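Notes for the one structure printed next.
What follows is calculated from the coordinates using simple rules that are stated; it is not laboratory data. Note that the structure is predicted; figures quoted are calculated from it, not measured. Neighbour counts run over all protein chains shown; Cβ positions are idealised from the backbone, glycine included.
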């Protein structure tokens, strides 16, 4: 049975999530502050953490940093903070997804399942390739095959695709992509991403105008969906 640690200082939300998650077959642990969250995570080793950022004793970003010091457990942020910079900060700190309050239960449960699937795939793959319906990314040979034929990519296009593919299903922030592909001096040059993502879509997506694998999360970053 999948276990979830829910961290929120609002009793109504905590109770509602506890009831609904139980009803969908989850084992639920709860915490109302950052210290309790870190202690509960260490004790119970949950499969997923659902985390509010506005906690009474510390900011949720500190909790993410504390967890990331020793575990890769999926972290889904559930917060009333809607600003894109808040979302980017949480993703850069190590969160796997970000859901804003108020939220729909069906969407929230879908995000939870997706986070768990990605964690499971990371645990068993680390493999040499990532395959989609339309192309295969081969990390060892640093090549992309589409219908069995190699696709010519520039070194920068490959670096961008590799970073996204190695984080399959996970939202990767614009800043992380820019810093890791181009370097710290380019952390705000978001037009680079738009240009290169457009090029990758033209080369890899069946319909570049309606991408299925190289997805944009407006104002936050990009996601590779196999």
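A few points about this structure:
- Between residue 70 and residue 22, the contour length at 0.36 nm per residue exceeds the Cα-Cα span by 14.6 nm.
- Estimated distance in nm for a label pair at residue 225 and residue 210, the labels positioned 7 Å out from Cα along Cα-to-Cβ: 1.3 nm
- Helix 11-23 vs. the chain, principal-axis angle (Cα, 0 to 90°, nearest 10): 70 degrees
- Rounded to 5, percent antiparallel among DSSP beta bridges of segment 47-125: 10 percent
- Using alpha-carbon coordinates, inclination of helix 190-204 to the longest axis of the chain, degrees: 60 degrees
- FRET efficiency, residue 156 to residue 187 (Cβ-Cβ, R0 22 Å, nearest 0.05): 0.85
- Computing FRET efficiency as 1/(1 + (r/R0)^6) for residue 138 and residue 1, where r is the C-beta to C-beta distance and R0 is 45 Å, gives about 0.80.
- Straightening the chain between residue 83 and residue 106 buys 6.0 nm, computed as 0.36 nm per residue apart minus the Cα-Cα spacing.
- Arranged from fewest to most other beta-carbon atoms within 10 Å of their beta carbon, 207, 59, 92 become 207, 59, 92.
- Taking 0.36 nm per residue of sequence separation and removing the Cα-Cα distance, the residue 218/residue 194 pair yields an extension gain of 7.5 nm.
- Selected from 78, 164, 105 as most flexible by GNM, with the chain as the system and alpha-carbon contacts under 10 Å: 105
- The angle separating the long axis of helix 105-124 from the principal Cα axis of greatest extent in the chain is about 60 degrees.
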